[in-house]
Every structure is written in structure tokens, then in C-alpha cells.
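Below is one structure, written out as C-alpha cells; the observations come after it.
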Amino acid sequence: MINLMKADLYRIVKTKGFIIFWLISIMVSMTSIALHEPGGILLGGDFDLNGAQKLDIKQTAMNLLYYFLLIMPVFGIITAEFTEHTIKNTITSAVSKGRFYVAKTLFAIVYCLSCFLGANYIFYFVNRAVNGSKYSSSLGEFSKVLFGQFPVFVAIVSLFIFLAFFFKKGAAFNSIVIISPLVYSVILSILCDIDSAQKITEKLVKFEVSTMIGNLALGCSQSYRTDCYIVSAAVTVISCVLGYITWKNREV
């Protein structure tokens, strides 16, 4: 299983996705640092970027960017095996289906979250070096905010892994994970115009991915934070279990 993870690491650092991930991350970070403004992707998240927080904290509120960037590592780690038709050789000669799933899942989660942390800390240290304390908080405060978002990103990556094993084909996987947040936002905008659906809409907005990421960064009530973590834990567990069951019951 360790050899399988090493092979995945060797392969993924040679992919275009690896280069694209870091190029986009660095480009967004450096632009934000130069302009003294947070930059990234928003889907209309329900949070306020005009508060008194410093630039590095506001930038973490824009971490929805990594929802889309973390698609590439999962694509390279899992769907590549199906696309290149190497999966049968890997399973028959090296590991069982169960160990294959566990190895891929563990490596994908650890690798993706390491990239997430690495990209954010690169922003923090470069911003602190260039802009000084006027635009940067303490390392401890920044780390507290960043790790406060961690459960949401564990859930995101776990869901990606399930979808990668479920669809197997890269085109289907990419299509679903890219458009899902956009479809969710469209559904919310439609429900907002329906009076009888207001209570449901409010709940759905609270747990829309960019809203959770933003509020966990900028500040929220302890009850809301707990709810976000419960939702994230549920998505993580359900995704891992469904992914394992789906994979074990399918022909390779």
C-alpha cells in the first residue's frame, strides 16, 4: 500500500494538474498581496468582507478557490487509473480492491489537504514579508482560522473521492464536481422567489460551501460552527462508506 502511494506521488507531480494548481494558487495570492485586496472565487456566499479583519484572514474567506483546484489532484490520483486502463494490473499484481480504495483515499486526502495548507501558508508568509503587520495577523491567529476550515475541506475531498470512484471516467467526474456548486446556487436563487420555501432556503444558504468557508474564516457563532462541522463530518463519513461499497461491488 505504501508503494502504491509512492507511485501516486511520483505520477502526480509530473502532471499538468500539479503545475496548474500551483500556478493559479501563486497567481491569485501574489495579485491579492500586490493589490491589498482578497481575491479568489465567490458564489454569492452570505458573509461580509468589509470587516476589520486583516488581509490574510479575508483571503482565507476566499478559499472556495481550492474547491475547484483540488479537483485536479483527485482526478490525477484516481480517475487516471481508469482512463489509462492500468487499474486491473495494479489490483491483480499489487493490492486487493479494498486496500486499493483505502490507499487511494488516504493519499488523496493527505495530498490535497497538504496542498491546501501549503498554498495558504505561502500566501501568509509572502504577505507578511511584503506588506508587514498592517495587512497580516499573527501566525497563531491565521492558523486557527485555517484549521477551522479544515473539516469542510476534508468533506469536499472525501466527496470528490466518492464521485471519482463512482463515475470512474474523468469527463463525467469533472463535469459533476465543477457544475455542482453552480447548480446549487441557481437552485437557491429560484427558491428565494418562493415564499413557502423561505425557511428551507435559509438553511440551504447557511450550509452552501462558500458561505461556510467564509463564515468560518471571518467569524461566526459557536452553534453555527458546530453545525458546519457536523455537516462536514456527515458528508465525509457518508462519502467514504458509499465510495467503498460502490467500489467493492463493482467489476473493475
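The values are calculated or read from the model by the stated rules, or taken from the named source; none is laboratory data. It should be emphasised that the depicted structure is a prediction, and the values quoted were computed from it without experimental measurement. A quick note on method: Cβ atoms are made from the backbone with ideal geometry, for glycine too, and the neighbour counts reach across all protein chains shown. Note: accessible area is taken over every heavy atom of the protein model, side chains too, but ligands, DNA and RNA are not part of it. Shrake-Rupley method; radii C 1.70, N 1.55, O 1.52, S 1.80 Å.
Here are a few things to note about the model shown:
- Three-way shape label, region 129-227, alpha-carbon gyration tensor, a/c 1.5: oblate
- Mean-position separation - Cα centroids, region 1-74 and region 167-242, in angstrom: 19
- Order by protection proxy (mean Cβ within 10 Å, highest first), peptides 100-109, 69-78, 5-14: 69-78, 100-109, 5-14
- With contributions of -39500 (n - 2.57) from each DSSP H run of at least four residues, the per-residue ellipticity at 222 nm computed over the chain stands at -24000 deg cm²/dmol.
- Answer label for Rg/Rh (Cα atoms, Kirkwood Rh) (calculated), chosen among [x] 0.99; [y] 0.93; [z] 1.12: [x]
- With all protein chains in place and a 1.4 Å probe, the accessible surface of the chain carries 67 percent carbon and sulfur.
- Mean accessible surface per residue for region 145-220, computed with a 1.4 Å probe while every protein chain stays in place, in Å²: 45
- Relative intensity, log₁₀ I(q)/I(0), of region 105-182 from a Debye sum that treats every alpha carbon as a point, q = 0.11, 0.19, 0.26 Å⁻¹: -0.41, -0.86, -1.18
- Positive-end ranking of Val177, Cys240, Met62 along the dipole of the chain, with charges on Cβ about the Cα centre, is headed by Cys240.
- If you run the Gaussian network model on the chain, springs between alpha carbon atoms under 10 Å, then out of Glu37, Glu141, Glu208 the most flexible one is Glu141.
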